[in-house]
Amino acid sequence: MNEETVKNLLQKAYQPGQDALALHPFYKGKIAIAPKVCVRSLSDFSIWYTPGVAEPCKEIRDDPRRAYDHTNKGNAVAVVSDGTRVLGLGNIGPEAALPVMEGKALIFKYLGGVDAYPLCLDVREPEALIATVKALQPSFGGINLEDIESPKCFYILDRLREEMDIPVWHDDQQGTATIEVAGAMNALSYVGKPLGEAKVAMVGAGAANIAIARLLVSAGVKKRNIVMIDSKGVLHSGRADLEADKERNPQKWDLCVNGNGEQIEGSMKDGVRGADILIAASRPGPGTIPPDVVSAMASDAIVFATANPVPEIWPWEAKEAGALIVATGRSDFPNQINNSLGFPGIFRGALDVQARTITDGMCIAAATAIADMARERGLSPDYLVPSMDEWEVFPREATAVGMQAIREGVARAPASADELYHHAQEVIGQARDMTRLLMESGHIRAPP
């Protein structure tokens, strides 16, 4: 690739950051609260507020489940972060995390029709964060944990899932894992390598990759065929540093002992050698993964370099090093493997059946729905999963997730597949139409 082409690609890659600096202060935030009831005159407030509102309050007092009928609880999700592990930026604090959580809320609404509220908490201790989130339960139908550092994020998620009666989900774990599994299913299918026989190398051993590994195993990958690499090298049972830390981080130690069936030791290149697919959720690049690491992989190599804002290796570098298929987390390159393709539809389905939790089975159902839609439209090295523009994928995910919740017995409001699909289609369509109408009327201003 010549120097001018690379220069143009790099300029395109860094442009979204420059645009963000200009447009965030222009709009002063990305979301707002809008009414969903008619206000024919001010006398309607006697229905929506006092005195009329007392009657719904009394019904909910007698049966708390009626909150789903009388309020927006069943479509409300809290996006909760302590700002300790934001994108590729690290521990930047709750205020600096707020633009990310607002962006998450915008995607929830536009792609899933879900009303999401960014809540950045100045709370660092796990027990305090757990207590705060549990106290939110009366107001929300679900909780989306976001950008919480590892390994405390595992403990927090497990506790909250166990102790709360609404879905609690950590998007950096379950959301990322869902879309990575969908992409891996289709990439391996395209190159003709069975999921159950694939050799998987994983660069990065934080929350994302540990959750991806767990869901890959649920989908059919053999755990012994997964080789994970952290900043000190390959994970194996001889890593005394990780054995000493196994009480605090048991998931990582499990992959030392039960992953890496050949007990490979050494550097990143040693761990990746001969792999069919490389999944990276690590330090942002470029240069985190050198090209010679990709060259050591098997034929028809697949590389998922998903760090944000810059992938661990540029796609053109990975292809020049021998990769047939390359995916990143960015929308400006082909094959965006990003959790934004998952969480709006998954929460739509979970909320619509009033699920108590989001199980791994529900995540696999969503991954399969994503993968199936791309297969129907024709796989290629540059098309593994639908893009977010193909909004039909979200009602399909919602339906698959809702039906799986019903099958697993975690749904409190069962419905048919047709009912779930048409409801999701309607609610998501309304959210998109509302945005369009506000833009056309000038209430959302055009950017300068």
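Here are the numbers:
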| read-out | value |
| --- | --- |
| Cβ-derived FRET efficiency at R0 22 Å, THR5 paired with SER380, nearest 0.05 | 0.55 |
| DSSP-defined antiparallel bridges as percent of all bridges, the chain, nearest 5 | 15 percent |
| Rounded Å value of the spacing that divides the Cα centres of the stretch 242-313 and the stretch 349-421 | 29 Å |
| Reachable lysines from LYS58, criterion Cα separation under 26 angstrom, eight or more residues apart if same chain | LYS36, LYS73, LYS134 |
| Nearest 10 degrees, 0 to 90: helix 94-112 Cα axis against the chain principal axis | 80 degrees |
| Euclidean distance of C-alpha centroids, the stretch 51-108 and the stretch 187-208, integer Å | 35 Å |
| Above-threshold pairs, the threshold being 23 Å between Cα atoms, out of LYS7/LYS30; LYS223/LYS246; LYS199/LYS252; LYS193/LYS252; LYS199/LYS319 | LYS7/LYS30; LYS193/LYS252 |
| Listed peptides 408-417, 218-227, 35-44 by packing density, highest first (mean Cβ within 10 Å) | 218-227, 408-417, 35-44 |
| Proxy reagent accessibility, fewest Cβ within 10 Å first, across ASP165, ASP352, ASP270 | ASP165, ASP270, ASP352 |
| Semi-axis lengths, Å, the stretch 28-172, gyration tensor of Cα atoms, sqrt of 5 times eigenvalues | 31, 19, 12 |
| Most fluctuating residue given options LYS232, LYS109, LYS193, as computed from a GNM of the chain linking Cα atoms under 10 Å | LYS232 |
| Counted charge near HIS423, where neighbours are those whose Cβ lies closer than 12 Å (Asp, Glu -1; Lys, Arg +1) | -3 |
| P(r) weight above 29 Å for the chain, C-alpha pairs, percent | 48 percent |
| Full-stretch length increase - GLU197, ALA244 - with 0.36 nm per residue and alpha-carbon distance subtracted | 13.7 nm |
| Cβ-based net charge around HIS24, under 12 Å, with every Lys or Arg adding one and every Asp or Glu removing one | 0 |
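Bear in mind these aren't lab numbers, they're just calculated from the coordinates by the rules spelled out. Quantities reported herein were computed from a predicted structural model and do not represent experimental measurements. With ideal geometry, Cβ positions are generated from the backbone for all residues, glycine too; neighbour counts draw on all protein chains shown.
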